[in-house]
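Below is one structure, written out as structure tokens; the observations come after it.
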Amino acid sequence: MDDSSRGHLTKDGIRIHEPADFAGMHAAGRLAARILDDVAPLVDVGRTTAEIDTAITRMVEEAGATSATIGYKGYRHASCISVNHVVCHGIPGDKKLKDGDILNIDVTVIVDGWFGDTSRMYVAGKLPRKAERLIEVTHDALFKGIEAVRPGNTFGDIGHAIQSFVEAHRMSVVRDFCGHGLGRVFHAPPNVLHYGRPGTGPVLEEGMFFTIEPMVNLGRPETKVLADDWTAVTRDKSLSAQFEHSVGVTADGAEIFTLSPGGLFHPTWG
């Protein structure tokens, strides 16, 4: 069954899903989050991001699921792994992690037709203080955004909650990439901006599914995409961090589909 046969669309083209659809999203989100839990011990000094991606590919296959990214627009990996000043869409490769490197690992799996999409930060070796502050602010900004999710609020309310929190800490929110609707498709309306004005944008309704995935830079917000047409980096080479959850709008707030089963969503859990 494809996404077009479930629920209905708002005037902004955003799908309203049925209550029964939440279970499918929880199953997909739980697997994606479990994979990110299981990969945590592999993030270490001397390990390559290609080795980490190979392990993720195996985990997806062993779970009987499908990677949403392998084959997506020609992409060949089961994860994006973005190190230090890479903002997002970092391609796994043979470069070895060094002490103090921070990295975002982003995984999307398909379980029974539903897409589970999540990312979180990790550190190889000892976490530098300025990177720790960046990670903390980015993590908390995501949850500020999620707190703004409830029927009657707008997507601008989500963006404003994130932007105002980040900028109060003298960091910047990336404008060039955003969250997105999902369900039985990988990307769908709306675009979920991580900045904005309160009361603007489409109104949130129960049954909407989307990602919130703020990218925060220690320096300026501008990015550029490298010659591989995938990897996005900060223009000023400043460190960047990102956290991502997939959520569904409920009658009185949000359900997070991608909670870490082991409580490992933040890299300083240990």
For the range 221-269, what is the per residue volume of the convex hull drawn over the alpha-carbon atoms, in cubic angstrom? 154 Å³
Using θ = phi - 60° and the Karplus form 6.51 cos²θ - 1.76 cosθ + 1.60, what ³J(HN,Hα) does each residue of the range 19-25 get, whole Hz, x for Gly and Pro? x, 5, 6, 4, 5, x, 5
Distance in nm between A63 and A20 label points, each 7 Å along Cα→Cβ, equals 2.4 nm
Can you pull the percent of the chain's accessible area that's carbon plus sulfur, 1.4 Å probe, other chains left in place? 51 percent
For the pairs K11/K144; K73/K96; K11/K237; K96/K144, flag any whose C-alpha to C-alpha distance is greater than 29 Å. K11/K237; K96/K144
Over all alpha-carbon pairs in the range 1-150, figure out the percentage whose distance exceeds 22 Å. 48 percent
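Between A27 and A50, how high is the FRET efficiency from 1/(1 + (r/R0)^6) when r is the Cβ-Cβ distance and R₀ = 22 Å? Nearest 0.05.
Values: r = 29 Å, r/R0 = 1.30.
Once the sixth-power term is evaluated, E becomes 0.15.
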Extension reserve of the K237-R133 stretch, reckoned as 0.36 nm per residue once the Cα distance is removed: 35.7 nm
Ordered by residue, what ³J(HN,Hα) values in Hz, to whole numbers, does the range 29-37 give under the Karplus form 6.51 cos²θ - 1.76 cosθ + 1.60, where θ = phi - 60° and Gly and Pro are x? x, 5, 5, 4, 5, 5, 4, 5, 5
Of T200, F143, L103, which is farthest on the positive side of the dipole of the chain, counting Cα position, with +1 on Lys and Arg Cβ, -1 on Asp and Glu Cβ, and the Cα centre as origin? L103
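Fully extended, how many nm does the chain gain between D99 and L226 (0.36 nm per residue separation, minus their Cα-Cα distance)?
The span from D99 to L226 would gain 43.3 nm if fully extended.
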Using only Cα positions of the chain, each an equal point scatterer, no hydration layer, compute I(q)/I(0) via Debye at q = 0.08 Å⁻¹ and quote the log10 values to two decimals. -0.29
Output ordering of 165-172, 187-194 (per-residue mean of other Cβ within 10 Å, highest first) is 187-194, 165-172
If you put +1 on each Lys and Arg Cβ and -1 on each Asp and Glu Cβ, how big is the dipole of the chain around its Cα centre, in Debye rounded to 20? 820 debye
What are the ³J(HN,Hα) couplings of the range 146-153, residue after residue, when phi is run through the Karplus curve with 6.51, -1.76, 1.60 and θ = phi - 60°? Round to Hz, x for glycine and proline. 5, 4, 7, 7, 6, x, x, 6
In nm, to one decimal, how far is the D37 label point from the F186 one, both placed 7 Å along Cα→Cβ? 2.6 nm
With every protein chain in place, what's the accessible area of T54 (1.4 Å probe, Å², nearest 10)? 90 Å²
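Give me the dipole magnitude in Debye, nearest 20, for the range 1-110 about the Cα centre, with unit charges on the beta carbon: positive for Lys and Arg, negative for Asp and Glu.
I would put it at about 220 debye.
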Given a 1.4 Å probe, the accessible area of the chain per residue, as a whole number of Å², is 43 Å²
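The values are calculated or read from the model by the stated rules, or taken from the named source; none is laboratory data. None of these values were measured; they are calculated from a predicted model. Every residue, glycine as well, gets a Cβ built from its backbone with ideal geometry; the counts of neighbours run over all protein chains shown. Note: areas computed on protein heavy atoms with side chains; ligands, DNA, RNA excluded. Shrake-Rupley method; radii C 1.70, N 1.55, O 1.52, S 1.80 Å.
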